[in-house]
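Engineer: Let me begin by handing over the structure; questions about it come next.
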Amino acid sequence: MISMKLENLFERYQNAIVIGKEESRAFFAGLKKDMPTLDVVFYSVDEIIDMFSYSYTDAAISYLRSEYEFDPLIAEEALLIVSLMNQKHYSSHRLEALMPLRDDLLKHDLLHKPAADLAKIFENHNILYFGLKTALPISLRLGELHNMALSFDLPIEGNYIVDPDIEKYRKLSGEERKELGLYR
């Protein structure tokens, strides 16, 4: 017989997609092992950002090096930022200045859009933000979907709520990160 604690966890996470820090993945893998009928899927914040960002190959770096004479490191940094740009306009002048670069890469088929129906994976599920302070990075990517409930959940151990450390975006201002849908 399932203990009361496991029963409560089953109710909380049944039919849920949990989005949290990578280190929380083991907790949910353990829950699924203890409760084989539990229907829960875990995604890290980085996995969600990657799912909904443009993808590119080394050909894009080569293109930026040859056409724009970018240093390889600058080309990689520019591609990292451009790959996150999914809006038509930005209030940041720096981000807005990268729009023609994004459009040129799209025109030359060097940036690849995420699948149009990718967000439908999240429909008809409870989306739980596990141990995160804000839903902005995920909400900007998911948008509004049919029959999807969003909520926050604290880690079982409690004591911490920390934004994921996304070191690779440290050179963007706080406002630029917000516009791109990244954690501060």
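Engineer: Out of Phe28, Phe42, I need the residue that is of a type in the set (A, V, I, L, M, F, W, C), under 20 Å from the mean Cα position of the chain (by Cα) and closer than 28 Å to Gln87 by Cβ. Which one? Give the derivation first.
Structural biologist: Values: Phe28 fails: closer than 28 Å to Gln87 by Cβ.
Just a single option satisfies the conditions, and that option is Phe42.
Engineer: Pick from the stretch 90-106 the residues that are surrounded by 15 or more Cβ atoms within 10 Å (Cβ to Cβ) and among the hydrophobic types (A, V, I, L, M, F, W, C): which of them is farthest from Glu179 (Cα to Cα)?
Structural biologist: Taking the candidates together, the pick is Leu105.
Condition check ((1) out of contact with any strand residue (DSSP E or B) (no Cβ under 6 Å at 6 or more places or on another chain); (2) modelled with pLDDT of 70 or more; (3) within 15 Å of Val18 (Cα to Cα)) across all residues:
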| residue | (1), (2), (3) |
| --- | --- |
| Lys113 | yes, yes, no |
| Glu123 | yes, yes, yes |
| Tyr129 | no, yes, yes |
| Lys133 | yes, yes, yes |
| Asn147 | yes, no, no |
| Phe152 | no, no, yes |
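Engineer: Would you check which residues across the stretch 13-35 are within 23 Å of Glu123 (Cα to Cα), part of a helix (DSSP H, G or I) and of a type outside the set (Phe, Trp, Tyr) and list them?
Structural biologist: Glu22, Ser24, Arg25, Ala29, Leu31, Lys32
Engineer: Only one of Leu140, Leu98 is in a helix (DSSP H, G or I) and either at pLDDT below 75 or of a type in the set (Ser, Thr, Tyr) (or both); which?
Structural biologist: Leu140
Engineer: When the stretch 67-89 is examined, which residues are found to be part of a loop (DSSP other than H, G, I, E, B), under 19 Å from the mean Cα position of the chain (by Cα) and surrounded by 16 or more Cβ atoms within 10 Å (Cβ to Cβ)?
Structural biologist: Ser83, Leu84, Met85 - these are the residues of the stretch 67-89 that are part of a loop (DSSP other than H, G, I, E, B), under 19 Å from the mean Cα position of the chain (by Cα) and surrounded by 16 or more Cβ atoms within 10 Å (Cβ to Cβ).
Engineer: A further question follows. May I ask you to verify whether Ser66 is within 23 Å of Glu123 (Cα to Cα) and of a type in the set (Ser, Thr, Tyr)?
Structural biologist: no
Engineer: Based on what the data block shows, is Ser91 of a type outside the set (D, E, K, R), farther than 22 Å from Asp46 by Cα and free of Cβ contacts under 8 Å to residues at least 24 places away in the same chain?
Structural biologist: no
Engineer: Sticking with this one: Does any residue in the stretch 67-86 that is hydroxyl-bearing (Ser, Thr, Tyr) come within less than 7 Å, Cβ to Cβ, of a residue that is in a loop (DSSP other than H, G, I, E, B) six or more places away or on a different chain, and which pairs are these?
Structural biologist: Final answer for the pair search is Ser83/Ser53; Ser83/Tyr54; Ser83/Tyr56; Ser83/Leu111.
The values are calculated or read from the model by the stated rules, or taken from the named source; none is laboratory data. Please read all numbers here as calculations on a predicted model, not as lab measurements. Glycine gets a Cβ as well: all are built from the backbone with ideal geometry, and neighbour counts include every protein chain shown.
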